[in-house]
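Student: This is the structure I want to talk about, given as structure tokens.
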Amino acid sequence: MSRYNPKDSESKWQARWEAAGCFRAEEDPGREKYYVLEMFPYPSGRIHMGHVRNYTIGDVIARYKRARGYNVLHPMGWDAFGLPAENAAMERKVHPADWTYENIDAMRGQLQSMGLSIDWDREIATCHTGYYAQQQRLFLEFLSRGLVYRKESWVNWDPVDNTVLANEQVIEGLGWRSGAPVERRKLSQWFFRITDFATELLDALDGLERWPEKVRLMQRNWIGRSEGAQIFFTLTGRPDSLEVFTTRPDTLYGASFCALSPHHPLSAELAEADPALQDFIAECDRLGTSEEAIETAEKKGYDTGLTVSHPLDPERKLPLYVANFVLMDYGSGAIFGCPAHDQRDLDFARKYGLAVLPVVLPPDADPLTFEIGEEAFVGDGHLFNSQFLDGLDVPEGKRKVIERLESLGAGKGSVQYRLRDWGVSRQRYWGCPIPVVHCEACGLVPVPDSDLPVRLPDDADFSRPGNPLDHHPVWKDVACPSCGAPAHRDTDTMDTFVDSAWYFARFCSPRHEAAPIDRAKADYWLPVDQYIGGIEHAILHLLYARFFTRALQGFGELSAPEPFAGLFTQGMVCHQTYRGADNAWLSPDEVMRDETGAWRDLEGRPVAAGRVEKMSKSKRNTVDPEKIIGTYGADTARWFMLSDSPPDRELEWTDAGIEGAWRFTQRLWRLVAEAAATVPPPGTARPKSLDDGSLGAAALELRRASHRCMAEITRDVEAFHFNKAVARIYELANALQGFKGKEPEELWVLREACETLTRLFSPMMPHLAEELWQALGHQSLLVDQPWPEAEPGLLVDSTITMGVQVNGKLRATIELPRDADRAFAESAALADPAVRRGLDGRTPRKVIVVPNRIVNVVV
RNA sequence: GCGGACGUGAUGGAACUGGUAGACAUACCAGACUUAAAAUCUGGAGGCCUUAGGCCGUGCGGGUUCGAGUCCCGCCGUCCGCACCA
């Protein structure tokens, strides 16, 4: 028998599906829809194994749901704006657009070679004018509704990429792309008012039941809701007062100082007349924001000499410091310090000799002797030293003190969020231009709809650092749309996370020109039923997309409050790493084993095998999907991606693994193609013996196995347990291989099993499945066949193998009819010789029978 | 520091709501086929003990239960997220 040739077969079936338009999606109110989406790729030039895993998982779901009768939407596009294109332009003198579109063409071809069930008619690229024109419209709608604003603020500045970064893009003080230490600069920036939605975004997390708990938790923490109070401290000798935020208003009587952020307006004001304070603030600014810097930085304060009055006891004066650990962008940029019940405040108080007055008494502590040593007491207890609060516990104290502050007009209950507004200005070329004109007379003027899109100029100069749009000789010069006077365009472009914050909605009507979103179509398809991608987007992209969807719902652009009803985060693809003698990374192709089993490089020098790590170019442990697909075919690559590891955990790439998948591909081919030559033609009448109980034991067992497999794989695919589904396929293949029946009824059963097997693995290996479906004599495309349904009667066995324990230790197994009664099971168990030996003459005290499961004899 | 997840053979991993631990695969071993290798097919296999058989075994220590990988308490270890958030 010849071997299966994936190369010929795969392109043949891809062409057949394409010609038949199998994966083209159309709205159909009469059918239930299912929207499957994988996170769209950045067109870097070539797909990597992570893409193969991501898109294989999505394709299994899409094909499975399609077979289940859903109207499936499964689109693909390109997250095409971004810095790498611009860097390529600088390094290689190619235009970012040319570089990007070439990459898209190459990657589209690679993805198509995987045999994905994508509706390619809906393809979009965010760098395409048709896309970013609509995004500019959205931006202006956000602007007109007050959800976009411009303000001067301290920003994270990446000195290597020469651009501003969002807080979310600063990882441990370093730029997420460049890895350079981020600097602080004060710039005028555009912001999306995501904080307006903090409460909604937080509360709605509870409803996202098909999201991983981990991602919901990460978003919860990121939004960071804190309940507490806003409290005003009167400044001595000044008319104004100082606002602070605290989560512990109950400890107000323990306050011994207040502290300002170095960036607080009052700090700046005081510094004008105080050179020493100026120096102190400058010193704070020099401290980096990196993890170590924060970890090791000493808590330092500068006594301004000013005092504030305690709001509940105006005679009490507290010193006012400027302190390096107080953040300007959380709360009000000022705190009160209660050293007894906050570790940092305690350290600060000890350093500057401030009072430490405990006001919360731990349970069992004596109020007369209780003292704070080196550790603040942060637990619950009863308030003391606190006048009208004395005796209350912490939650009651909080309530009571807020009540009092409110009646005095000195404060109120307040909720703070860690979440900040989303800064989207990027001083780069390859992004969506911000459609606003700056006019000296009129201020910020939105570009009128008739003048959209604001196109990127084709002739930008990438040869010098900085923003090419800003450097362009004429691009920014424009007449003010409002007064006609000479004005200039905003030269910032939008963060590319804006592009991906609404693309799932654009897929519903990718060619619609009248508006960004065709509401009727969006309402049919949205929300995305199953979204699939990496955990690295748990916060950034997923939070922005949720924000956009809520905002757009508010504008009446669409109806769904949430973009993604189901989310699955797949694990990384990892591979062994190696380091040579000079500690340089070595590719697995460059190492071999010597006679002793030790690793050597090609010149025989010793090599250290490192950890199994995420595939990356820098560690030189990548495997090129194109090569793998070229050698083994897409089906084998897909199969390996689904085997062994659960899809949410990491998958280790091994040569043995892909070889094993390849052998199994061939084995399936032989198994089914050989059987196809002997079985009756499709549509042969079902033999009577199947239903009158006269079917032979082996054939019945095969039928049982294949119907059990239907039920199990259906359950496994629904639950994203693809590794288990793969194991079931192996089991059925093994059962099929062991079947030797030659009678007509047996051959009918053999056909049924072959067809079942083929259909069940078709979402995973779609090309091979079509090939075998054809070999089995079918004219139709398998992709149009419904998902197989098990006959319930074949899922229950008539006999059960039960374990028998003596004192909880397994001694024997017995065969019993299904649902045998307890007494029968008990006597069968006690009659077993191994059980008798275990009893060793003792009389059972008690026999526990769990029907169809186990018998436990207790002595 | 705070929050979370996980710990099962040589390896990846199975084990539904507590009920026969190790499915399935990889690697390994043996046999068949072959001049040979590869491929393929058949079979083996948690560890220990001399076998029929027995003892031990899901990171460690305790507990609940007729029965614990699964539940509870306390440790140890690995990984991930956040981190001067008042």
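Student: What does the extension gain come out to for A:Ser44 and A:Asp784, with contour length at 0.36 nm per residue minus their alpha carbon separation?
Tutor: 263.0 nm
Student: First measure r as the distance between the Cβ atoms of A:Asp461 and A:Leu187, then evaluate 1/(1 + (r/R0)^6) with R0 = 22 Å and state the FRET efficiency to the nearest 0.05.
Tutor: Calculated transfer efficiency: 0.45.
Student: Then there is this: DSSP loop GluC sites (Glu not before Pro) in the range A:760-795 with at most 11 other Cβ atoms within 10 Å of their Cβ, which ones?
Tutor: Here the sparse-neighbourhood loop sites are A:Glu789.
Student: Rounded to the nearest 500, what is the 222 nm mean residue ellipticity of chain A from helices alone, with -39500 (n - 2.57) per DSSP H run of 4+ residues and division by all residues?
Tutor: Helix contribution divided over all residues of chain A: -11000 deg cm²/dmol.
Student: From the backbone phi of the range A:249-259, what are the Karplus-calculated ³J(HN,Hα) couplings (6.51 cos²θ - 1.76 cosθ + 1.60, θ = phi - 60°) in whole Hz, Gly and Pro given as x?
Tutor: x, 5, 9, 4, 5, x, 5, 10, 6, 10, 9
Student: Same structure again: Mind running the shape call on the range A:527-567? Use the C-alpha gyration tensor, a ≥ b ≥ c as the square roots of the eigenvalues: rounded below 1.5 for a/c, prolate if a/b tops b/c, oblate otherwise.
Tutor: Since a/c reaches 1.5 but b/c is at least a/b, the shape of the range A:527-567 is classed as oblate.
Student: Also, I was wondering about something else. Where does chain A land on the Kirkwood hydrodynamic radius, alpha-carbon pairs, in angstrom?
Tutor: 32.6 Å
Student: Taking the Cα centre of each part, how many Å lie between the range A:1-75 and the range A:685-750?
Tutor: The range A:1-75 and the range A:685-750 have Cα centres spaced 27 Å from each other.
Student: Follow-up. In whole Hz and in residue order, list the ³J(HN,Hα) couplings for the range A:444-455 that follow from phi through the Karplus curve 6.51 cos²θ - 1.76 cosθ + 1.60, θ = phi - 60°; x for Gly and Pro.
Tutor: 7, 10, x, 5, x, 3, 5, 9, 7, x, 7, 7
Student: Please give the helix A:49-67 orientation as an angle from the longest Cα principal axis of chain A, in degrees from 0 to 90, rounded to the nearest 10.
Tutor: Taking Cα atoms only, the helix is inclined about 60 degrees.
Student: Can you pull the percent of chain A's accessible area that's carbon plus sulfur, 1.4 Å probe, other chains left in place?
Tutor: The value for chain A is 50 percent carbon and sulfur by accessible area.
Student: How many percent of Cα pairs in the range A:337-406 exceed 20 Å?
Tutor: For the range A:337-406, the fraction of Cα-Cα distances above 20 Å is 30 percent.
Student: Here's another thing I want to ask about it. Based on the alpha-carbon gyration tensor of the range A:1-113 and its eigenvalue square roots a ≥ b ≥ c, which shape applies: rounded if a/c is under 1.5, prolate if not and a/b is larger than b/c, or oblate?
Tutor: Oblate, since a/c reaches 1.5 and b/c is not below a/b.
Student: Angle, helix A:697-718 long axis vs. longest principal axis of chain A, Cα atoms, 0 to 90°, nearest 10?
Tutor: 10 degrees
Student: What is chain A's relative contact order, in percent, from Cα pairs under 8 angstrom and six or more apart in sequence?
Tutor: So the answer I get is 13 percent.
Student: Here's another thing I want to ask about it. Using r as the Cβ-Cβ distance of A:Asp28 and A:Glu626, and R0 as 41 Å, what FRET efficiency do you calculate, to the nearest 0.05?
Tutor: With a Förster radius of 41 Å, E is 0.65.
Student: Full-extension gain between A:Lys412 and A:Arg210, please, as 0.36 nm times their residue separation minus the C-alpha to C-alpha distance.
Tutor: Contour length minus Cα-Cα distance gives 68.9 nm.
Student: Within the range A:725-754, which residues have the backbone N less than 19 Å from the label spot 7 Å out from A:Thr684 along Cα→beta-carbon, could you tell me?
Tutor: What the label zone holds, given the 19 Å backbone N cut-off, is A:736-754.
Student: Highest first, please rank the peptides A:135-144, A:298-307, A:336-345 by the mean number of other Cβ atoms sitting within 10 Å of their residues.
Tutor: A:336-345, A:135-144, A:298-307
Student: Continuing with the same structure: Pop out the ³J(HN,Hα) list for the range A:649-658 in order, Karplus 6.51 cos²θ - 1.76 cosθ + 1.60 with θ = phi - 60°, rounded to Hz; leave Gly and Pro as x.
Tutor: After applying 6.51 cos²θ - 1.76 cosθ + 1.60, I find 9, 6, 10, 8, 6, 9, 4, 4, x, 5 Hz.
Student: A further question follows. Whenever you get a sec, line up A:Thr195, A:Thr799 from highest to lowest accessible area (probe 1.4 Å, protein heavy atoms).
Tutor: A:Thr799, A:Thr195
Student: While we're here: Simple spin-label model, 7 Å along Cα-to-Cβ: A:Ser144 to A:Asp449 in nm?
Tutor: Taking the simple label geometry, A:Ser144 and A:Asp449 are separated by 0.6 nm.
Student: Now for a different question. Could you list, in their original order, any pairs among A:Lys12/A:Lys93; A:Lys300/A:Lys614; A:Lys186/A:Lys317; A:Lys7/A:Lys614; A:Lys299/A:Lys398 whose Cα atoms are separated by more than 31 Å?
Tutor: Those over the limit are A:Lys12/A:Lys93; A:Lys300/A:Lys614; A:Lys186/A:Lys317.
Student: Apply the Debye scattering formula to the range A:446-502, with a single equal point scatterer on each alpha-carbon and no solvent, then give log10 I(q)/I(0) at q = 0.18, 0.29 Å⁻¹.
Tutor: Listed by q, the Debye log ratios stand at -0.76, -1.24.
Student: For the range A:212-227 and the range A:379-439, what is the separation of their Cα centres, given in Å?
Tutor: Taking the Cα centre of the range A:379-439 as reference, the centre of the range A:212-227 is 17 Å away.
Student: Label points 7 Å out from Cα along the Cβ direction at A:Cys442 and A:Ser559: separation in nm?
Tutor: 3.8 nm
Student: Out of residues 5 or more away from A:Gly566 or on other chains, whose amide H comes under 5 Å of its own, with H placed 1.01 Å from N in the peptide plane?
Tutor: Excluding prolines and chain starts, which carry no amide H, the hits are A:Gln530, A:Tyr531.
Student: Quick one: net charge of A:Phe504's neighbours, Cβ under 15 Å, K/R +1, D/E -1?
Tutor: -3
Student: Cα axis of helix A:766-775 to longest principal axis of chain A: angle in degrees, 0 to 90, nearest 10?
Tutor: Roughly 20 degrees between the two axes.
Student: Per residue, how big is the convex hull of the range A:187-233 when only Cα atoms are used? Give it in Å³.
Tutor: It is 138 Å³ per residue.
Student: Here's another thing I want to ask about it. Lys and Arg at +1, Asp and Glu at -1: add these up for the other residues within a Cβ distance under 12 Å of A:Leu552 and post the number.
Tutor: Its environment carries a net charge of +2.
Student: Solvent-accessible area of A:Thr234, probe 1.4 Å, all protein chains present, reported in Å² to the nearest ten, please.
Tutor: Answer for A:Thr234: close to 70 Å² accessible.
Student: A further question follows. Take the Cβ-Cβ distance between A:Ser11 and A:Asp98 as r, set R0 to 25 Å, and report the resulting FRET efficiency rounded to the nearest 0.05.
Tutor: Given R0 = 25 Å and the Cβ-Cβ separation, E is 0.35.
Student: Same structure, new question: Seen from all sides and averaged, what is the projected area of the convex hull of the Cα atoms in the range A:651-775, in nm²?
Tutor: 8.0 nm²
Student: In addition: Calculate the spin-label point distance for A:Ser798 paired with A:Ala609, positioning each point 7 Å from the Cα along the beta-carbon direction, and give it in nanometres.
Tutor: 5.2 nm
Student: In addition: In the full protein assembly as shown, how much of A:Glu283 is accessible to a 1.4 Å probe, in Å² to the nearest 10?
Tutor: 70 Å²
Student: Please list, in chain and number order, the residues 5+ apart from A:Thr236 or on another chain whose amide H is under 5 Å from its amide H, with Hs placed from the backbone.
Tutor: A:Thr307, A:Val308, A:Ser309
Student: Would you kindly work out the equivalent ellipsoid of the range A:2-44 from its C-alpha gyration tensor and give its semi-axes, the square roots of five times the eigenvalues, largest first in whole Å?
Tutor: Result for the range A:2-44: semi-axes of 28, 19, 10 Å.
Student: Let me ask you something else. Amide H neighbours of A:Arg316 under 5 Å, at least 5 residues apart or on other chains, H built in the peptide plane: list them.
Tutor: For A:Arg316, the qualifying residues are A:His310.
Student: Given the C-alpha centroids of the range A:801-859 and the range A:92-138, what is the distance between them in whole angstrom?
Tutor: Rounded to whole Å, the Cα centres lie 66 Å apart.
Student: Something else now. Calculate, in nm to one decimal, what A:Glu674 and A:Leu839 gain on full extension: separation in residues at 0.36 nm each, minus their alpha carbon distance.
Tutor: Additional length available on full extension: 54.1 nm.
The values are calculated or read from the model by the stated rules, or taken from the named source; none is laboratory data. All values derive from a computational prediction rather than experimental measurement. Every residue, glycine among them, receives a Cβ derived from its backbone with ideal geometry; neighbour counts consider all protein chains shown. These accessible areas exclude ligands, DNA and RNA; they are computed on the full protein's heavy atoms, side chains included. Shrake-Rupley method; radii C 1.70, N 1.55, O 1.52, S 1.80 Å.
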